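Heads up: the structure comes next, in C-alpha cells.
Throughout, read-outs are computed from the coordinates displayed, never taken from laboratory work. If you're wondering where the values come from, they're calculated on a predicted model, not measured in any experiment.
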Amino acid sequence: MRELNNIEEHILDRALYLMGKKKSCDISIRAIAKEANVNVGAINYYFRTKDEMVRLVKEFYIENTMTVLDILKSEEYGDEEKLLLAANEIMEYSLRFPGNMVIHAHSMKIAGEDATSGRIIRLSAEIGERLKQLLRNLITGDETSHNYKYLMFTSSINYPTEYEGIAEMDSTFLMQKEARMEYLKLLIRALQSV
C-alpha cells in the first residue's frame, strides 16, 4: 500500500474512507471536505466534477490494489508466503479503506460503460484466479472442495475487515501485521486439514 504524498491524495483517501462508512459512492463534497479537513474550494480545485473525483478514487484504489497483484506475481516468494503476504495486504487495505467493497460493487454495475470500473473488475478477477491457484497448490482436494475452500479463505479475509460489529469484539489482532499473519497461517492450516 502506498503512502499519501499530497493534498489531492489525502482527499481521495478520505473520500474512499467515507464511501465505505456510508456504503455509497454518493458522498457530498462538503462531507468529503470536512473529513479531509480542507475547504470545499480545495476539492473544486483538484477535481473539476464529482464524477471526476469518483474516477480518481477508483484509480487510487487500482494503484493500491496493484500491490496485491505484484505480490502474487513475484518470483521472490514461495506459494504459501505469496498467499500470506497478499491476504495480509488485502486485510490491511480493507481496514484502512472500508470503501473497497463499495467501489467494487459500484464498478460491477457500470463496468460495461466505464473503462476505470472495467479495469477494477478485471484486476479483481486476476487476483482471485491467482489466489485460487495458490490454494490449489497448497491444499489437496478436488475442484469442488477447492472452490469451497477458496470461498472460506476469501470470506475469512474479508468478513473480519468489513463486519460492522468488529469494534465490539477484541479486534486487536486485525490491527497488527504479526497478529494478522498468525491468523492467516492458522487459516491455511485449518483449510489444509479439512
### Query
Helix-derived [θ] at 222 nm for the chain: sum -39500 (n - 2.57) over DSSP H runs of at least 4, divide by residue count, nearest 500?
-25000 deg cm²/dmol
#### Entry: the stretch 7-193: relative contact order as a whole-number percent, Cα under 8 Å and 6+ apart
23 percent
### Query
Only one of the listed values, (i) 1.09; (ii) 1.42; (iii) 1.17, was derived from the coordinates as Cα Rg over 2.2 N^0.38 Å; which label is it?
(i)
### Number of Lys pairs (Cα under 21 Å; 8 or more positions apart or on different chains) in the stretch 7-193
28
### Query
Averaged over all directions, how much area does the convex hull of the C-alpha atoms of the stretch 1-113 cover when projected, in nm²?
7.7 nm²
